[in-house]
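J.: Structure in structure tokens, see below.
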């Protein structure tokens, strides 16, 4: 039996999802809807919903999705009963880098149908970086569109109230749990996601806060090229979202580690920073 927790602010999505769940889930369930049109951050909304949950398995779910898989509830419970299971998702990565950035990178593992009806974008099925004949993949960090766990896992690692907005909660939640349990994504459950995330200054601030809280992930072997790619994106977004020059330099030199990035990559990154350094001097 499953408690589904939804932070809702778009009635047309919620109504469609509510009917879709009833038609597809295949097991006893409850939906705990937290009306949240900017009233609270998503961490608070999810924690409030989890407090009301009566079942042993929890699913924190975005409302702008629909399920394609019939009897997906049975599949989910089987996955959650895996030994030492942490969080089950549909998109994530087994690589959490030294340089702060979102979960998406060249080692991301994804199983989702991405669509955007508002922009008239065609649906596209994404199944990325699964091994041949594999139905589940081990990951560390997960995307927040779909996060399922045992209630006992949630009680040990509730959503962090230090995050007040709508970004970074999934990264922090899944990474904390991954230090003690094994997170997975699976292709046994297919959902259609009807919107795409938006990046903003608040998003990047949450990424930096996550890195401060989580620190380096244990047993993560860093890859120089991924770290270089993440660093270049970090610099780009620091500039795009108009962080002050002091903030840019503070962040950049905090994570500019030649032993992680490699000395050649570090030199290349410094060359890209010349215009910032000139502004400071």
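Read-outs: derived from the displayed coordinates by stated rules, not from any lab. Model, not experiment: these values are computed from the prediction. So basically every Cβ, Gly included, is an ideal-geometry build from the backbone, and we count neighbours across all protein chains shown.
J.: In vacuo Debye scattering of region 12-93, one point per C-alpha: log10 I(q)/I(0) at q = 0.16 Å⁻¹?
T.: Each listed q corresponds, in turn, to -0.71.
J.: Then there is this: How are the C-alpha pair distances of the chain spread across 10 Å bins, as whole percents from the shortest bin up?
T.: Pair shares across the bins are 6, 28, 34, 21, 9, 2, 0.
J.: Taking the Cα atoms of region 149-281, what is the range of coordinates along each of the three principal axes, in descending order and whole Å?
T.: Principal-axis extents of region 149-281 (Cα, largest first): 53, 30, 29 Å.
J.: For a paramagnetic label modelled at 7 Å from the Cα of residue 216 toward its Cβ, which residues of region 88-114 fall within the zone defined by backbone nitrogen distances under 11 Å?
T.: Counting only backbone N, you get 98-99.
J.: Please report the relative contact order for region 222-280, taking Cα pairs under 8 Å with a sequence separation of at least 6, and give it as a percent rounded to a whole number. Present the calculation step by step, with values, prior to reporting the outcome.
T.: Numbers: 29 pairs, mean separation 28.5, N = 59.
RCO, region 222-280: 48 percent.
J.: Over region 85-165, what lengths in whole Å, largest first, do the semi-axes of the equivalent ellipsoid take, defined as the square roots of 5 times the eigenvalues of the alpha-carbon gyration tensor? Don't jump to the answer; show the numbers that get you there.
T.: On the way: eigenvalues 110, 63, 44 Å².
Output for region 85-165: semi-axes of 23, 18, 15 Å.
J.: Right, something else. Would you work out the relative contact order for region 1-130, in percent, from Cα pairs under 8 angstrom that are 6 or more residues apart?
T.: Values: 190 pairs, mean separation 30.7, N = 130.
After rounding, I find 24 percent.
J.: What distance in nm separates the simple spin-label points at residue 274 and residue 200, each placed 7 Å from Cα in the Cβ direction?
T.: 3.6
J.: Continuing with this model, one more query. Could you work out the Kirkwood radius for region 222-280, taking every pair of different alpha carbons, averaging 1/r and inverting it, reported in Å? Provide the component values of the computation, followed by the final result.
T.: Working: mean 1/r = 0.0868 Å⁻¹.
Final number for the Kirkwood radius of region 222-280 is 11.5 Å.
J.: Also, quick follow-up: I'd like to know how region 75-231 sits against the 2.2 N^0.38 Å rule of thumb: what's its Cα Rg over that expected value? Mind dumping the intermediate values first?
T.: On the way: Rg = 15.3 Å, N = 157, 2.2 N^0.38 = 15.0 Å.
The value comes to 1.02.
J.: Averaging sequence separations of C-alpha pairs under 8 Å and six or more residues apart, then dividing by the length of the chain, give the relative contact order as a whole percent.
T.: Numbers: 525 pairs, mean separation 57.7, N = 281.
Answer for the chain is 21 percent.
J.: Rounded to the nearest 0.05, what FRET efficiency do residue 239 and residue 182 have when you use their Cβ-Cβ distance and R0 = 41 Å? Provide the component values of the computation, followed by the final result.
T.: On the way: r = 37 Å, r/R0 = 0.91.
For R0 = 41 Å, the calculated efficiency reads 0.65.
J.: Let me ask something else about it. Whole number please: convex hull volume per residue, Cα atoms of region 118-210, in Å³.
T.: On the way: hull volume 12.4 nm³, N = 93.
Enclosed volume per residue, from the Cα hull, is 134 Å³.
J.: Using the scaling law 2.2 N^0.38 Å as the reference, what is the normalised Cα Rg of region 1-155?
T.: Cα Rg divided by the expected 2.2 N^0.38 Å: 1.05.
J.: What's the exposure ranking of 150, 62, 12, going from fewest to most Cβ atoms within 10 Å? Walk me through the intermediate numbers first.
T.: Working: 150 18, 62 22, 12 9.
Fewest-to-most ranking of 150, 62, 12: 12, 150, 62.
J.: Restricting things to alpha carbons, tell me how big region 21-62 is in terms of Rg and Dmax, in Å.
T.: Expressed in Å, the Cα Rg and Dmax of region 21-62 come to 11.5, 33.
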